[in-house]
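Below: the structure, in C-alpha cells.
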Amino acid sequence: MKSYKYLLLLFFTTIFSITANAQKYQFSGKVFDAEKNPLYYAVVNLKGTHIYDLTDENGQYILEDIVPGKYTLYVTILGYQNIEKEIEINGDVVNYNFYLEESSLALDEVVVTAKVTQSKEGSTTYKIGSDAIQQIQPISVSDILQLIPGNQVGSTNLNRVAQADLRNAGGDYSSLNAFGTAVILDGNQLSTDGVMQSGEGAGHSTANKGIDLREISASNIESVEVVSGVPSAKYGNVTSGAIIINRKAGYTPYHFSFNSTPNSYQFGVNKGFKSEKGGFLNIDGDYTYNNATGVSRKRYYQRINMGLMWTKEISKNLEWNHNMSLRYGLNFDGQRKDPDEEVVQAKFENRSHNIIFGTNGSLKVLGRTTYSINGNYTHRYSYKDVIDGGPTIVMESLEEGTHFAGYSPVVFNRVTEFYGEPVNINGRLETQQTFKTLGFRHSTTSGFEFSYNKNYGKGRVLADSTNVASNTGGQREMNFYNAPASEIYSFYFQDDISLDKEKANYLFKVGLRYDYMLKRYHLLSPRISLSARYFEKLRFRLAYGISYKTPSMLQMYPGPTYFDVKNLDKSYSEDEARRIAVVTTYIYQPTHENIDPSKGTTLEGGFDIDHDGFNLRVTGFYKEINNGISSVSNLLTFDKQVWDTLTIAGTNALTAIPTDSIVRVSTTFPVYENSVQSQTQGIELSVQFPKIKATSTTINLSGSYLKTHESNDALTIKGSPNLGGASELRYGVYERPSYDTYVTRSNLTIAQHIPQIKLMVTLMTEINWINKKELTNDPSPYPFAYYSIDGTYNVIPEGERANEEYNDLYRSSEYFTTAPQPIYFNFHVQIRKETKQGHNFSFYASNFLWYNPTYEGKASLDGRKAIHYLNSKVTFGIGFNFKL
C-alpha cells in the first residue's frame, strides 16, 4: 500500500506542479493546399508532446507554451499528404506556413509499407498509413497487420477467428498472447473480458481470447499504429502490445468501394460532411460476405458495419476539441446444410449485434486535459445442433440427488443455445504538461482510468435431449448474469525527458502504472525506455516494461459442472412400460476467485542507421508471459449405488429398486489455473534502401526471427485406455511436455511507382526460412503416480514405472513429435491505378507463380507419412474505389 500512496502523491503533484518559471514561446502560421487555399481543421503538432492546434477557417494555427529545444513538427489533415519537419525553437516564430498536396499516386513520395515511428504510444511502433492500406486491398484489420515485419502474407479468410499475435512464434498457447493484446478503436479499448460463450461452433468463440479482428472493417480506416514493444504507461490490462486504429475524421467526398476475391466480396461507403456551424460529421457503412471456398456455401461469414463520428471545436480560447462516435455491427458466422448433402451431421450459427459509443476530447486546462468515456454492448447468440446416436439416457434435473431418467430416440439432435450480453464501460481522465528544468525538457502525462465488464446474458440453454448422462463432467443451463462484474481502477504517470545537444539528442521515458484489479490485486507496472541519437544518423534504443492482464469472467466464473452417475442403465426397451433408468447427479462448482492476473515482461534494445535515404533498423527483444491461465484436468470420485429392476406384480411394467452394492467411480473435469509460462526471444530487421529516383523504385527488406518457449506447470491426468493387466480403471499422472517453436520469415518488397500515370506496383517475395516445433522436455511415457478408483494418490517408484503392471498407463511419445518445414518461397503482386478523377482500381494475386512445394511429415505409428502443402493455391482479388 506504500507504493499505492506514493503513486497517488506523484499523480497529484504532477497535476498541480508549477512550471511557469521556464521561458516559453509561440509558434504560429497558416496551412494551405497546393492552390494556396486555407485548410480548415488541419492538425499541427509537436511530436512527442501534447502541444498542438487545429487550423481555423483561415488556415491559422498557434502553438503556445513551447519550451526551447529541437522538435519534430507534424502537419496532417484528412485527404492530404502529411508533412514532418525537424525544427528548433529558441524564440517566438510567426508566419511559418505549410502547403499540403492532396493525397494521390501522382505525388513523388507514396509509402506502401509499415513505417517505424517515434511514438508516445510505445517503444517499438509501426505506423501503417492510408496509402499502404489502399495498396493491399484489405477487408478487415487482420489483413492490414500483414504489413508488420515478419508476418505472413496470405489471402483473406473470414471463416475463422482472426486475432493479433504480436511477437510470437505460435504454439499451443497463442491465444494467451492474443488475449493480452490491446485493440484501441478511436480511443476506445475494446474488450473480450466479459465474453462467456465457450461452446460456440467450430471454435469460433472469443472467450479467453483476443478481439476478433474480422469484425473491424478496413474500409474507413485512416491509419493503424502497432505497438509491439513496451507500451506507454497509459495502456493497461495488456501483456502483448497494442493495436491503435484511427478512423477517418474530417471532410471527404463520397467514397464507394468494392473488393472481391474468389470466396468473398465487400461493399463500403463513407463520407465526411462539413457543418455550417463548424465541425464535421463522418458516416460509413460496410457489408461483407464470405464462403469457406469459392464453390461451397456450407461455411459462411457475413458482416454489416455502420458508423457515425461527429467532431467539433467547442471553444477556441480553451482549445477545446470534442468528438462523439456511434457504431453498430452485425456479424453472422456459421455452418449450414449444403444443397448436395442429404444428412447434415452438424450445424452452428454465431450471431452478434454490437453497439459502440464513445465520446472524448481535450482542452487547455492544467496544461492540456483529455477525457473519454466509452461503452460497448454486444448481444451474442450462438446455436449448435449436432446429430447423435441413441438410445442414451438424458437428464433434465439441475439439482443433486438420485433421479429417474428417460431415454433419447435412436437418432436425436443435441441442441445448445447461448445468449450473451457482455458490456464494457471504460473511461479516462488525463492531464499533460510540458516544462523545462536544468536543461531537460519534460513532457508529463498523468491520468486515471477505469474499466467495467459484466455479462447480462441469460447464458447457456440446452434442449432436454442435449443433457446426455455420462460419468464424465457435463454442463447444464447457466445464467451469465449471475457472475459478478470485473472492475479495474488505474492511475498512471509518465515523463518523457529529452535533452538536446549539438550533435546528440537523448529521450528518456519513465512511467509507472498502478492497477487495482478485481477488488483485491494492487499491481505496479514500471515502463522505461531510452533513446540516444547521434549526428542525426545513428540511434540506440533500450526499453523495459511490466504489465498485467486480468482473468476473463469465464475463467473466474465458469459455472457448475454436472456429473451423472448411471445407477441403472440396462433396461431400454421398445416397450415404454419396461423402459427405465436411474441416475445420481453430483454438482461441482469450481472456485477460481484466487486466479491471478497474467504478467507480461518485455525487454528490448536495438539501433538505427539513417543516411542519405538508407535506413537500417535492428531490434532484439525478450518477452515473457507468466501466470498464463489454461484449462487443466482435476480428478473427482463418487459413490455409485447399484440399482436393479423388478417387475411390478400383475403387470409387464418395470420398476427400479436400490441394492446394497456400492462401487466407487471417478472422472476428470477441467478447471482453470495459472500454469502457463511463455518466453519469446527474437530479432526484427527492417532495411529501406535509397530510392532509385530515375525509375521511382523503392526496395524494402524486412523480417524477423522468433523463438517461443511454452510450458505448462500443471500435471496431466489420463485414465487407462484398457485394463492391460490392471485390476480396475485408474488414472495416471504425467509430466507435461514443453516446446520451442521457431519461425523465421523475411519479405523483400519492390515498389515500382509511376507518378506520371498514377500507377503503383508492388512485388513481394516472402521467404519462409524456419518453421519448426521442437520438444524441449520429453516427459516419460510412464506415469510417476496414479489415482486409484477411490481417489487415492499412489506414487510409483522411479525404478518400477516401466513394470508390466503399469502397461495400461503407458502413453506413446509419438504424440509429442513434429516435423520441421523446409525453406520455401511465396510470391505476391499488388497493382493500384488511380484515374484523373481520383478513382482507384486495384488487383492482387497471392502466390501468383502457383508455387506449391510439399514435404513429408513424421511417420505415424502405422508407418504412413502425411504430405503437407506449404503454400495455398493461387488466389486473386480486385477492388474499386470511386470518389464522388
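Table for the structure above
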{"read-out": "For the chain: rounded, prolate or oblate by the Cα gyration tensor [a/c cutoff 1.5]", "value": "prolate"}
{"read-out": "Loop-located GluC sites (Glu not before Pro) in the stretch 587-688 whose Cβ has at most 14 other Cβ within 10 Å (DSSP)", "value": "GLU593"}
{"read-out": "Probe 1.4 Å, all protein chains present, accessible-area order of ILE692, ILE699, largest first", "value": "ILE692, ILE699"}
{"read-out": "R0 of 60 Å, Cβ-Cβ distance PHE448-ALA649: FRET efficiency to nearest 0.05", "value": "0.20"}
{"read-out": "Virtual spin-label span in nm between SER104 and SER661, 7 Å along Cα→Cβ", "value": "9.0 nm"}
{"read-out": "Gain on full stretching of the segment that runs from GLN118 to HIS522 - 0.36 nm per residue minus C-alpha separation", "value": "142.3 nm"}
{"read-out": "Per residue, in Å², the accessible surface of the chain once ligands and nucleic acids are set aside, probe 1.4 Å", "value": "44 Å²"}
{"read-out": "Out-of-range pairs (alpha-carbon distance over 23 Å; input LYS115/LYS503; LYS115/LYS691; LYS47/LYS707)", "value": "LYS115/LYS503; LYS47/LYS707"}
{"read-out": "Phi to ³J(HN,Hα) by Karplus 6.51 cos²θ - 1.76 cosθ + 1.60 over the stretch 271-282, Hz, x for Gly, Pro", "value": "7, x, 9, 9, 7, 5, 9, x, x, 9, 10, 9"}
{"read-out": "Accessible-area composition of the chain, carbon plus sulfur, in percent [1.4 Å probe]", "value": "55 percent"}
{"read-out": "Expected 222 nm ellipticity per residue - DSSP helices of 4 or more, -39500 (n - 2.57), all of the chain, to 500", "value": "-1000 deg cm²/dmol"}
{"read-out": "Solvent-accessible area of THR602 with every protein chain in place, 1.4 Å probe, in Å² to the nearest 10", "value": "10 Å²"}
{"read-out": "Of LYS234/LYS364; LYS127/LYS277; LYS436/LYS509, those spanning more than 22 Å from alpha-carbon to alpha-carbon", "value": "LYS127/LYS277"}
{"read-out": "Gain in span if fully extended, PHE848 to ASP778, counting 0.36 nm per residue against the direct Cα distance", "value": "21.1 nm"}
{"read-out": "Gained length - LEU281 relative to LYS836, 0.36 nm times residue gap less alpha-carbon distance", "value": "197.1 nm"}
{"read-out": "Acute angle (nearest 10 degrees) that the helix 2-15 long axis makes with the longest principal axis of the chain, alpha-carbon atoms", "value": "30 degrees"}
{"read-out": "Residues of type aspartates and glutamates that LYS758 reaches as a straight line, Cα spacing below 16 Å, ignoring anything fewer than 8 places off in the same chain", "value": "GLU101, GLU102, ASP108, GLU109, ASP131, GLU834"}
{"read-out": "Coil-residue trypsin sites (Lys or Arg not before Pro) of the stretch 217-310, DSSP, other Cβ within 10 Å capped at 10", "value": "LYS277"}
{"read-out": "Rounded if a/c under 1.5, otherwise prolate or oblate - the stretch 104-172, Cα gyration tensor axes", "value": "oblate"}
{"read-out": "At R0 = 56 Å, FRET efficiency that the Cβ-Cβ distance of LEU499 and LYS883 yields, to 0.05", "value": "0.75"}
{"read-out": "Förster radius 41 Å - calculated FRET efficiency between GLU536 and ILE62, Cβ distance, rounded to 0.05", "value": "0.90"}
{"read-out": "Relative contact order of the chain, pairs being alpha-carbon contacts under 8 Å that are 6 or more residues apart, as %", "value": "9 percent"}
{"read-out": "Rough spin-label spacing in nm, given labels placed 7 Å along Cα→Cβ, for ILE767 and PHE508", "value": "4.1 nm"}
{"read-out": "Label-to-label distance, nm, for residues given as ILE373 and LEU759 (7 Å Cα→Cβ offset)", "value": "5.5 nm"}
{"read-out": "Estimated dipole of the chain in Debye, rounded to 20 [Cβ of Lys and Arg +1, of Asp and Glu -1, Cα centre]", "value": "2180 debye"}
{"read-out": "Anisotropy class of the stretch 212-285 from Cα gyration tensor, a/c 1.5 cut", "value": "oblate"}
{"read-out": "Cα-based reach from LYS773 at 16 Å (exclusive), listing aspartates and glutamates while leaving out same-chain residues under 8 positions away", "value": "ASP172, GLU710, ASP740, GLU814, GLU856"}
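The values are calculated or read from the model by the stated rules, or taken from the named source; none is laboratory data. Every value quoted in this text rests on a predicted model; they were computed, and no experiment measured them. Note that each Cβ is placed from the backbone with ideal geometry, even for glycine, and that neighbours are counted across all protein chains shown. Just the protein is used for accessible areas: all its heavy atoms, side chains included, with ligands, DNA and RNA removed. Shrake-Rupley method; radii C 1.70, N 1.55, O 1.52, S 1.80 Å.
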